[in-house]
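To start, the structure under review is shown below, and the notes come after it.
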Amino acid sequence: LTQPTSTKMAAAEQVSKLKIRSGEITGTPGGDDWLRRAGARSQLYAAGFKREDFGKPIVTVAAPYLSYHMCNQKFRDLADETAAALEKLNTKAYVSHQPVISDGQTMGTHGMSYSLISRDLIADCIELMHEGYRADAMITLAGCDKTLPGVLMPIARGNHIGITLYGGTQYSGEHKGRQLTPGSPFEAVGALSSGAIDIEELHEIECKSCLTSGTCSGMFTANTMSTCIEALGMALPGTSTRPAVDKATNRIAAAKLADCSATAAALLVLMERGIRARDIMTFKAFENAITVMMALGGSTNGVLHLLALAREAEVPLEINDFNRIADKVPLIGNLTPFGKHNVVDLDAIGGMPAVMRLLLNAGLLHGDCMTVTGKTVAENLAHVAPPSVDQDVIFPLARPIAPPGNHVVILKGNLCPDGAVIKVSGKQLKPFRGIARCYDSEQLALAAIVAGNIRAGDALVIRYQGPKGAPGMPEMLSPGAALVGAGLGPIVPLITDGRFSGASHGIMIGHIVPEAAAGGPLALVENGDNIDIDLVARTLNVDVSEEKLAARRAAWQPPASKHPVRTLLGRYALHVGDASHGAVMS
């Protein structure tokens, strides 16, 4: 029904009171600054403003976009839908697009060095647009994995009023009765090199792994961060697991279009009540996010990104908190890359609200945390049922896939004094001793795997891949997947100061701090050294005496800088921090 004109005017007048900052740009109708802002208004008239628009609050709509990027290619349309929903609510939406790097497309190339950097650059770009135009609140769209923390970081950084909206996950195909994921072609390369499949089967897997637009289908980094952000309270309940598109048409799904309108309406509630990011992003909220990450079997990148988000929110989260929380939370998500199902299957059984209800019932979540609905976690879940027992996507807490402390684990030791991260995903790993095979680049290591030079009993070391060393801390999906495809995944660990894709599985140890380029112990390891991994003690050590390590350290020379300081990579290498603190820029 059409609202009476008087009702519309009253609603518009009410919303105009939410124009807290943007009057600095437009001038305030009837205010002392109105005449001074005539020049700005002249240009806004040319861009489409009407006289009545100048009294409306301005909302930033930020949407990282690339036309041929499956995760974010619908974001122009999603941004326009979100903007239209906002303007129906008597606000003015300022839509801008940010850069986005596809990990999957750049994996194993120099382009991958720009992936993690893009997280911080996206955050900076959104800050620039939001602050430059003095907007009153923001909605940020998130898709490919680095964009999720990237679009939330500026909301937390400025303690703004804002919500993150996930663009949605994709559908994948099947091959020989097995769910495929975007990680499947990478593993197929290893299978081809070992003779397990032929080139025709590789091509079939390549063509079936990604069927539609949307983020990677498994519980990889994008879906890890989308579910963590929902648990953190910064996205609307149920939005983190929805499919991006209709499977048959590849058009934006109706439910995702509805999310745009619901997010716009929720933002107005936050503006009316003055609820800001740090009212929501508390220490207990981060504990909720980590709990969900451990329960669902999330990516090791979740450690890196949650630490970065906590820094922006000025929350004292530390890397040791991950083990503390992991020791309470069993692994219950039967999700790829190690499980059977993709995230659309999780959405079909109730999505994150159902999972959070299960965890809340068990006392594993803080129910009193505020969320972007304006209600607490417990209030949001009051009428939500946990997953039913007649499904195998989410296991019962009493019969989990693995007991607490058996998913993502933080290691310490003489090879990683300040931390390293391993994704166990329920595997029963006995204490391991292996012979170090050292490579100073991902490409050399991959060539060695494909050539059959890595064998059982080896410990594959890939170094100078950290935030400063690469620079950019690239993901080691290509060599890791090649190990799995060659049948070496369960018996050969990959140890690196780089990081791993959420698609990685096997014995993958990354995020080693200090990194090799900073003179960390990883730089001192030599071929033939024995490396010991003990998951019970949570240690990673190289069996070399302190005297020998000291002699090697004295002879070690830092690698020459690969990039001039005037370049983006050069500036990043100069200012980026270590992985145990989120690899954020100083």
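Miscellaneous remarks
- Accessible surface computed residue by residue for the chain, with neighbouring protein chains in place and a 1.4 Å probe, gives 38 Å² per residue.
- J(HN,Hα) series, segment 67-76, from Karplus relation 6.51 cos²θ - 1.76 cosθ + 1.60, nearest Hz, glycine and proline x: 5, 10, 10, 4, 6, 10, 6, 8, 6, 5
- Sequence of 399, 433 when ordered by accessible area, the most exposed leading, probe 1.4 angstrom: 399, 433
- Among the listed pairs 146/562; 92/468; 256/562; 284/430; 146/247, those whose Cα-Cα separation exceeds 32 Å are 92/468; 256/562; 284/430.
- Fraction of beta bridges assigned by DSSP in segment 399-462 that are antiparallel (%, nearest 5): 45
- Most to least packed among 39-52, 301-314, 120-133 [average Cβ atoms within 10 Å]: 301-314, 120-133, 39-52
- Theoretical ellipticity at 222 nm over the chain - DSSP helices of four or more residues, -39500 (n - 2.57) apiece, nearest 500: -11000 deg cm²/dmol
- Integer Hz, Karplus 6.51/-1.76/1.60 couplings in order for segment 385-390, x for Gly and Pro: 9, x, x, 5, 7, 8
- Projecting label points 7 angstrom from Cα along Cα→Cβ for residue 399 and residue 208 puts them 3.0 nm apart.
- Cα long-axis angle, helix 147-157 against the chain (0 to 90 degrees, to the nearest 10): 60
- Anchor residue 340: aspartates and glutamates whose Cα lies under 18 Å away (excluding residues fewer than 8 positions away in-chain): 174, 187, 390, 392
- Nearest-ten-degree value, helix 301-312 long axis tilted from longest Cα axis of the chain: 50
- Partners of residue 328 within straight-line reach, counting aspartates and glutamates whose Cα lies under 15 Å from its Cα and excluding those fewer than 8 residues away in the same chain: 287.
- Over the chain, Cα pairs under 8 Å with separation of 6+ residues give a relative contact order of 13 percent.
- Given R0 = 51 Å, the distance between the Cβ atoms of residue 536 and residue 560 translates into a calculated FRET efficiency of 0.80.
- Listed values (1) 29.0, 104; (2) 24.4, 84; (3) 37.9, 125, entry calculated as Rg and Dmax of the Cα atoms in Å: (2)
- To the nearest ten degrees, helix 254-273 and the longest principal axis of the Cα atoms of the chain are 70 degrees apart.
- The stretch between residue 24 and residue 547, if pulled fully straight at 0.36 nm per residue, gains 181.9 nm over its current Cα-Cα span.
- Among 494-503, 208-217, the peptide with the highest mean count of other Cβ atoms within 10 Å heads the list, and the full ranking is 494-503, 208-217.
- Taking 7 Å steps out from each Cα toward its Cβ at residue 571 and residue 389 produces label points 5.9 nm apart.
- Close amide H pairs (under 5 Å, H built 1.01 Å from N) link residue 175 with 180, residues at least 5 positions away or on another chain.
- Derived scalar couplings between HN and Hα for segment 198-208 equal 9, 5, 5, 5, 4, 5, 5, 5, 4, 7, 9 Hz in order, rounded to whole Hz, by the Karplus curve 6.51 cos²θ - 1.76 cosθ + 1.60 (θ = phi - 60°), x for Gly and Pro.
- Portion, in percent, of the accessible area of the chain that falls on carbon or sulfur, probe 1.4 Å: 54
- Under 5 Å from the amide H of residue 469 lie the amide H atoms of 517, each residue being 5 or more positions distant or on a separate chain, with H modelled from the backbone and absent for Pro and chain starts.
- Net length gained if the chain between residue 443 and residue 36 were fully extended (0.36 nm per residue, minus Cα distance): 140.6 nm
- When each of the peptides 142-153, 550-561 is scored by the mean number of other C-beta atoms lying within 10 Å of its residues, the order from highest to lowest reads 142-153, 550-561.
The values are calculated or read from the model by the stated rules, or taken from the named source; none is laboratory data. Small disclaimer: the values here were computed from a predicted structure and weren't measured. With ideal geometry, Cβ positions are generated from the backbone for all residues, glycine too; neighbour counts draw on all protein chains shown. Note: accessible area is taken over every heavy atom of the protein model, side chains too, but ligands, DNA and RNA are not part of it. Shrake-Rupley method; radii C 1.70, N 1.55, O 1.52, S 1.80 Å.
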